[in-house]
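I have placed the structure first, in the form of structure tokens, so that the comments after it can refer back to it.
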Amino acid sequence: MRRDGAILVWMDRERFLQGRAMEDLLEVAERLKVPVRREHVDLSEERTWRGGVCLIEGSPVIFVNTRLSDEEQIAVLAESLSGFLSDDVYLLPRTRLLIERYGAASSRKPAGNV
């Protein structure tokens, strides 16, 4: 029984950390004045649109597909925000690490990935 309780505590902790990460990233986007739109988009089972930065009437907007897992949504948002940051923008260390990690990962992806 103790083991089940430990697993539930671990799952709650993971859910909390993911929620905190998303809140931190949304706060950064707000400070940078980059709107974030979380949209439910379902193209097909073979292909899922992740989201990213789009220009709407010349202004950047970050789209995140809510059909993705929480972790994937965090990755899309962090990756998208990486293009807007400079050393002048203060970030909590945990948030900077997230953005740098996903930003670096996206720079290694071949062109054309959605």
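The values are calculated or read from the model by the stated rules, or taken from the named source; none is laboratory data. Bear in mind the structure is a predicted one, so any value in this text is a computation, not a measurement. Methodologically, a virtual Cβ is constructed for each residue, glycine included, from the backbone with ideal geometry; neighbour enumeration extends over all protein chains shown.
How many residues are farther than 11 Å from Ile74 by Cα and either assigned to a loop (DSSP other than H, G, I, E, B) or of a type in the set (Gly, Ala, Ser) (or both) if we restrict to the stretch 16-36?
Number of matching residues: 5.
Tell me, yes or no, whether the stretch 51-61 has at least one residue that is touching a strand residue (DSSP E or B) at 6+ places or on another chain (Cβ under 6 Å), assigned to a strand (DSSP E or B) and of a type in the set (S, T, N, Q).
No, the conditions are met nowhere in the stretch 51-61.
Within the stretch 10-40, track down each residue that is under 19 Å from Glu71 (Cβ atoms), hydrophobic (A, V, I, L, M, F, W, C) and either modelled with pLDDT under 60 or surrounded by 15 or more Cβ atoms within 10 Å (Cβ to Cβ) (or both).
Trp10, Met11, Phe16, Ala21, Met22, Leu25, Leu26, Val28, Ala29, Val36
Determine which member of the set Arg31, Arg20, Arg67, Arg38 is basic (Lys, Arg), over 16 Å from Ala104 (Cα atoms) and touching a helix residue (DSSP H, G or I) at 6+ places or on another chain (Cβ under 8 Å).
Result: Arg38 is the single residue among Arg31, Arg20, Arg67, Arg38 that is basic (Lys, Arg), over 16 Å from Ala104 (Cα atoms) and touching a helix residue (DSSP H, G or I) at 6+ places or on another chain (Cβ under 8 Å).
Hey, can you tell me all the residues within the stretch 43-57 that are loosely packed, with under 11 Cβ neighbours inside 10 Å, at pLDDT below 80 and either in contact with a Cys (Cβ under 7 Å, 6 or more places away or on another chain) or within 17 Å of Val76 (Cα to Cα) (or both)?
Within the stretch 43-57, just Arg47 meets the criteria.
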